[in-house]
Every structure is written in structure tokens, then in C-alpha cells.
1. According to a simple spin-label model (label point 7 Å from Cα along Cα-to-Cβ), what is the distance in nm between Ser89 and Asp240?
2. Work out the FRET efficiency for Arg105 and Ala202 from their Cβ-Cβ distance, taking R0 = 41 Å, and round it to the nearest 0.05.
3. Need one number: nm distance between label points at His390 and Leu97, each 7 Å from Cα along Cα→Cβ, rounded to one decimal.
4. Could you sort the peptides 74-85, 146-157 by per-residue average Cβ neighbour count (10 Å cutoff), highest mean leading?
5. Whole-Hz Karplus ³J(HN,Hα) for region 413-422, in order, using 6.51 cos²θ - 1.76 cosθ + 1.60 and θ = phi - 60°, x for Gly and Pro?
6. At 0.36 nm per residue, and after removing the present C-alpha to C-alpha distance, how many nm does the segment from His168 to Ser76 gain when stretched out fully?
7. Would you list Val50, Val117, Val123 from the most to the least accessible area, probe 1.4 Å?
8. For Val372 paired with Arg275, estimate the spin-label separation in nm (one decimal), with each label point 7 Å from Cα along the Cα-to-Cβ line.
Amino acid sequence: MWRRRWTLVARAARGPRSPRSGTRQGSGAPAPGSGATIFALSSGQGRCGVAVIRTSGPASGHALRSLTAPRDLPPSRSACLRLLSDPRSGERLDRALVLWFPGPRSFTGEDCAEFHVHGGPAVVSGVLQALGRVPGLRPAEAGEFTRRAFAHGKLSLTEVEGLADLIHAETEAQRRQALRQLDGELGHLCRGWAETLTKALAHVEAYIDFGEDDNLEEGVLERGRKPVSIVSPEPGTTRDVLEAPVDLAGFPALLSDTAGLREGVGPVEQEGVRRARQRLEQADLILAVLDASDLASPSSCNFLDTVVGPAGAHSPNGSSQRLLLVLNKSDLLPPGGPDPSPDLPPYLLLSCLSGEGLDGLLEALRKELAEVCGDPSTGPPLLTRTRHQHHLQGCLDALGHYKQATDLALAAEALRVARGHLARLTGGGGTEEILDMIFRDFCVGK
């Protein structure tokens, strides 16, 4: 049985421009009263060809000039080859490419500098120590660059989450979905909904304020809307639900191996069957495996009647379930295949012993998962976090209250609640606890 698991991502959208903080190009010194300037290694740890160290904050220009003195700042957003030296001792550190990004046209919206140095540990350590000696600079905390981008309106909260998901994406489907999130698709969708709710709220509040003067038309309310277990040939050895995440053709899925559905001979096995039935009801895709050489047995017939047939119709919660019937042990069948049966639905033949039929099964699984999960590059944005689902469900519930409201004041309050959920989805609602939870999963340097 399968349960899809999604991860997603967001990209630096061109949000509202904030006033530029810090120094002017070429001034070199930090502006009085400005915040701290941060620095960190932004590329991976260990030996590599090139390592990227970057800074963000008002003292970035001063730091760049300090390590490349007596040279002036390079042209904006252009790579220049410079000799890096320790600002105190004058010792040569490396010959590197440097880039200068004056705010607000930078990732964080602040003045930023990048040092593309050789990736040896001694070089990286020397440059980081030199930056630490520049007045006004301190090491960055995890996710602090992205948090500053969010604070300066460069990224919405959903785009921040998308960026995190892109960094952690492990499959092609996750990568494609993350890039869509990075482009701000979910944020744009929610902002469009919020605009509609704002107009509806304005109509309702105007009707409350001026309705007695008969200056507004009626009907204003209608305008708003690895190995995981021991295996044995002995029946009944699988009793608990064993799960393993797998990557199937780019789709992240959770494979659940359950006890066989049969009459248990003891309380432990009966509990295993109960858990199997429970997981069966939750699954998006059921992989039903039967012994191809023993289809006439009572257990096989009961399985076909109680599982295979109903699954093709509807699950207990009312949603249709997908099922693949797999007949294993095809190597034991005669040349003509299994005995024909008028009640046998479409099936796949498989031999776990020889591996014959495995490619066909994987292709069938790929097609089924594509139907279940959808194409990450098309259609509406997917909800990849519990927070997204919580706020959209809250918005939907509030709109339900709005639809049922007979009092204008209650209708207006329901619209405010719905709009508030959308605002918190894209902007975080201003709660530091939520922001801390989101940014803590970022690495230092991002």
C-alpha cells in the first residue's frame, strides 16, 4: 500500500522593494545605527574546487574593501579577480573572484558581497577568520540570509518554504514541485483569493455603514467567494505494519507491508490483520498479491471478494481507491497461465523468484502514482506542508460560516477570519514561533 509524501520549494520572488540599508557603493563604512553584517560559508563543507563565502548587511562593502585593499569595490554584479589579504597582518590568503551586490538588488535586500575562493579547508578558514576581524561583522546563524530576504520583502513565507524544500529535494517530482513553489505559484494564488475576500469584505462593511441610506444595492452578500524485516515462508510471520520510503520513477511514496488478510489463529495475528485492514482503508494505492498457483483456495476467493472487488469501487471514506492485482509465483504456472475465472479482474503476473514481470509491475506503479499524485509541473500548486492545509482549511471553514450568516456583522467577521488565514499562509502572521520553526531547518550560509 502506498501513501504519497511531498516536499516543496520557493524562489526569490520580486516582492516589494524595501529602502536600501547600509552603505552606498564605494563609501566603505557602515551606516550609523545599522544592524549587524553577517558572513558564512554558503557552499558545502570539505575539500572542493571552489567555495563561496558571502556577507549581508551594511558593512559588506567595507568588508570587501578591507580584504582587497587598496582596490575599490568592483562594478555591481560583475565578477572580478582580486588578491585577498588579511586586513590586520596583510598576509596573502588567496586569489579569488569577488562580487558586489548593493541593496536592495540582492538576495537579502541588503548590501551583499561574495568571495569565490579555492575550496581547501585552510583557505576557507583563513578568509572566514579575516572577515571575523572586520568591525561590524559576525558569523551568520542558520537560515539568517533567507530570513533577512523574507524581512525585506524579497521572499514570501511560502517561497521561503519552497526554497527549503528545493534544498532538501531528493526526487525529480520533488524538485519540479519545489521550483514551482519557488516561483511563488501558491503565494500568487493565495494573494488573488485574498484580494477577492478584501473586496467582498469592503462591500459588506460598506453595507453595514451606509445601508440605512439606501445608497447600496441589495444582494451585496452574494458578491463575495534497506531491509526492514525478517522474512520467512511460514504464514503469519508479518504481524505489524512495516514501512519504508521509496522513490518510484521520481515519486516519493511510503510502502507499507502488512499482515495477510486471513482468519488469525491467535490474538497477536488477529491484531496484525486488524492493523492491515486499517491501513488498507488509508492507502491511496493497494498492491494486492495473490498466489497465482492457488487462486481456487478459499482464502484467495475471500480476498478477491472482500478486498479486490470493493477497492475498485469506493473506500470507506467515500473516495475511490486504486488497486493493482498481482499474481505472484508465475514460475509455477503452466504455459497457458492461470486458470481462467470470470470473476478475476485485470492482473499482472510476477515471479519474485526469477524477477520476471518486475519491469511491468514498476511501469504500472509509475502510471498509477502519476494519476494519484498528479504531474508536479502542471495543474494547481500542491499543498506540501501541514501549515498550508491548516490555513486553507481554516479559510474554507470561515467562508462556510460567511455563506450561512444572516447577520451582516457576522458575515463581515467570517470574511476577516478567512482573509486572515490567507495572510498568515503567505506572510506568517508575524508570530516569531512560526518563523523560528521554518528557518531552523536551513543550513548556515543560507
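1. So the two model labels end up 5.6 nm from each other.
2. On the way: r = 35 Å, r/R0 = 0.85.
The formula returns an efficiency of 0.75 here.
3. Calculated label separation equals 4.2 nm.
4. Values: 74-85: 14.2, 146-157: 21.7.
Highest mean packing first, the order is 146-157, 74-85.
5. 5, 5, 5, 4, 5, 4, 5, x, 5, 5
6. Working: separation 92, 0.36 × 92 = 33.12 nm, distance 3.08 nm.
Here the answer is 30.0 nm.
7. Working: Val50 85, Val117 5, Val123 35 Å².
Result of the area sort, largest leading: Val50, Val123, Val117.
8. The answer from the label model is 2.0 nm.
The values are calculated or read from the model by the stated rules, or taken from the named source; none is laboratory data. Keep in mind that this is a model prediction, so the values were computed, not measured. In this analysis, Cβ positions are derived from the backbone assuming ideal geometry, glycine residues included, and neighbour counts consider all displayed protein chains. Heavy atoms of the whole protein, side chains included, go into the accessibility calculation; ligands, DNA and RNA do not. Shrake-Rupley method; radii C 1.70, N 1.55, O 1.52, S 1.80 Å.
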